Amino acid sequence: MSAQKSVFNTSYRAFLFDMDGTVLNSIAAAERVWAAWAERHGLDVVTFLPTIHGARAIDTINRQALPGIDAEAEARFITEAEVEDVEGIVEVANAAKFLKTLPAQQWAIVTSAPRALALRRMAAAGIPEPAMMVTAEDVKAGKPDPAGYRLAAQRLGVDVTECLIFEDATVGIQAAEAAGADVLVITSTHEHPLETPHATLASYDAVEVVVDADGRLRLQPT
């Protein structure tokens, strides 16, 4: 754990979590599906795969600027394939236990995955379904746009700048920064951890949450 002291010295109204790579690890399953898609469309798989993480399928496909394809249809195909393939999806160490300690109305999942895929992956990993979840269908612009995080905070009835955002991918970190929130970067799911000025955390077993007398959430090392 290399979380900066500022994260522990600050209380928050709510915690907002990215899903893939942050509370569960679906990298192997996602890359199986996307690698097959990339090969069919003549893309260089090695350079393409690192770009898929944290982004909506529709945004990933549109970035390729492939001629003559229906991006929405391709995104639906990808989602259906990913819903079918959940082999090897696991929780980030102790994420489920940590989430269950949080007050239900003070945390949310904000994911670039469609809702059906998010629910399928959380079930596969044993992650509790949150009372509040923002998915790909809820926003017009995906990460790095901050719309998803702002919407989650709004639905929880708090200001996003009073939230701590848990992220793992560059586009998600950029979204959290654009929202004006503090960021905690989960590093355990990537072979090459991001270089980041933000606090980092390898495992949820290194922290616990304390609910202050005023109901605000505070992280502390275990």
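Residues being in a helix (DSSP H, G or I), in contact with a strand residue (DSSP E or B) (Cβ under 7 Å, 6 or more places away or on another chain), closer than 27 Å to Ser11 by Cβ and of a type in the set (Asp, Glu) are represented in region 153-162 by at least one member. Taking the conditions (1) in the same structural domain as Ala206 (by the TED database); (2) at negative phi in turn, Ile61 satisfies each one other than (1). When Leu43 is tested against (1) touching a residue at least 12 places away in the same chain (Cβ under 8 Å); (2) in a helix (DSSP H, G or I); (3) open to solvent by 20 Å² or more (accessible area, probe 1.4 Å), only condition (2) is not met.
Among the residues of region 186-217, those that are over 15 Å from Ala93 (Cβ atoms) and open to solvent by less than 70 Å² (accessible area, probe 1.4 Å) comprise Leu194, Thr196, His198, Ala199, Val209, Val210, Asp212, Gly215, Arg216, Leu217.
The selection criterion, being buried (at least 23 other Cβ atoms within 10 Å of the Cβ), at pLDDT below 95 and in contact with a Ser or Thr (Cβ under 9 Å, 6 or more places away or on another chain), holds for Gly172.
Taking the condition buried (at least 22 other Cβ atoms within 10 Å of the Cβ) and among the β-branched types (Val, Ile, Thr), does Val23 pass?
Answer is yes for this residue.
Given the criteria assigned to a helix (DSSP H, G or I) and in contact with a helix residue (DSSP H, G or I) (Cβ under 9 Å, 6 or more places away or on another chain), does Gly148 qualify? When the stated conditions are applied, Gly148 passes them.
Please work out which residue is nearest to Arg121 (Cα to Cα), limiting yourself to region 52-98 and to residues that are of a type in the set (A, V, I, L, M) and open to solvent by 60 Å² or more (accessible area, probe 1.4 Å).
Val90
Per the conditions (1) under 13 Å from the mean Cα position of the chain (by Cα); (2) touching a residue at least 24 places away in the same chain (Cβ under 8 Å); (3) open to solvent by less than 10 Å² (accessible area, probe 1.4 Å), the sole criterion not satisfied by Val183 is (2). The set of residues in region 102-134 being surrounded by 20 or more Cβ atoms within 10 Å (Cβ to Cβ), within 25 Å of Val209 (Cα to Cα) and touching a Gly at 6+ places or on another chain (Cβ under 9 Å) consists of Gln106, Val110, Thr111, Val134. Quick one: in region 149-169, of everything that is at pLDDT 95 or above and in contact with a Gly (Cβ under 7 Å, 6 or more places away or on another chain), which residue is least open to solvent (accessible area, probe 1.4 Å)? For region 149-169, the residue satisfying everything is Val160.
The values are calculated or read from the model by the stated rules, or taken from the named source; none is laboratory data. None of the values given here were measured: they were computed from a predicted structure. Here Cβ is always computed from backbone atoms with ideal geometry, including for glycine, and neighbour counts include all displayed protein chains. What goes into the accessible areas is simple: the full protein's heavy atoms, side chains included, and nothing from ligands, DNA or RNA. Shrake-Rupley method; radii C 1.70, N 1.55, O 1.52, S 1.80 Å.
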